[in-house]
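Comments concern the structure below.
The values are calculated or read from the model by the stated rules, or taken from the named source; none is laboratory data. This structure is a prediction, so every number in the text was calculated from the model and none was measured. Reconstructed Cβ throughout: ideal geometry from the backbone, glycine too, with neighbour counts over all protein chains shown.
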Amino acid sequence: MPKKLYSYAASYAHAFEEATGFGWAVPNGQRLDWPTLKHRRAAEIARLIEVYEHMLATGGVQVLRGRARLTDAHTVVIGNHQITAEHILVATGASASLPDMPGRELVMTSDAMFDLPQVPG
């Protein structure tokens, strides 16, 4: 979702350029307010997390956070707790990583792009 929000924001620059050809008077100096975009992206992520957590809770799903290990088809161990249930979903999450290679300092993950102090050129 965050990537889509940034993609949508970027598409407006092109739309502003084309608008005059379709009769729109677009004032010069249109600019992106990067801090506002970053703030709104963070707010949208927080809102979505709240929505998903509410949906899980009202659907009778018990969410347990921690390092999990499945011991059989119906048992998971999280820390020192063993839980048995008919259905278990382990949502691992993911994060980008950079390979250990020359030039690594010149590379950035897409997640890091979201919080750059300024809009990239």
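Quick check on Gly23: is it in contact with a strand residue (DSSP E or B) (Cβ under 9 Å, 6 or more places away or on another chain) and at positive phi? Here the answer is no, as Gly23 does not meet what is asked. Scanning segment 17-62 for residues that are modelled with pLDDT under 90, under 15 Å from Val119 (Cβ atoms) and of a type in the set (A, V, I, L, M, F, W, C) turns up just one, Leu32. Restricting attention to segment 65-89 and to residues that are aliphatic (A, V, I, L, M) and surrounded by fewer than 11 Cβ atoms within 10 Å (Cβ to Cβ), the residue that is modelled with the lowest pLDDT turns out to be Leu89. For Ala43, the stated conditions hold: it is surrounded by 10 or more Cβ atoms within 10 Å (Cβ to Cβ) and of a type outside the set (Asp, Glu). Only residues that are among the aromatic types (Phe, Trp, Tyr) and surrounded by 10 or more Cβ atoms within 10 Å (Cβ to Cβ): list them for segment 16-40, please. Listed by number, the residues that qualify are Phe16, Trp24, Trp34. For segment 53-61, the criterion of being part of a helix (DSSP H, G or I), out of contact with any helix residue (DSSP H, G or I) (no Cβ under 9 Å at 6 or more places or on another chain), acidic (Asp, Glu) and farther than 29 Å from Ala85 by Cβ is satisfied by no residue at all.
Here Gln82 meets the list (1) touching a Ser or Thr at 6+ places or on another chain (Cβ under 8 Å); (2) closer than 20 Å to Ser7 by Cβ; (3) not in a helix (DSSP H, G or I) almost entirely, failing just condition (2).
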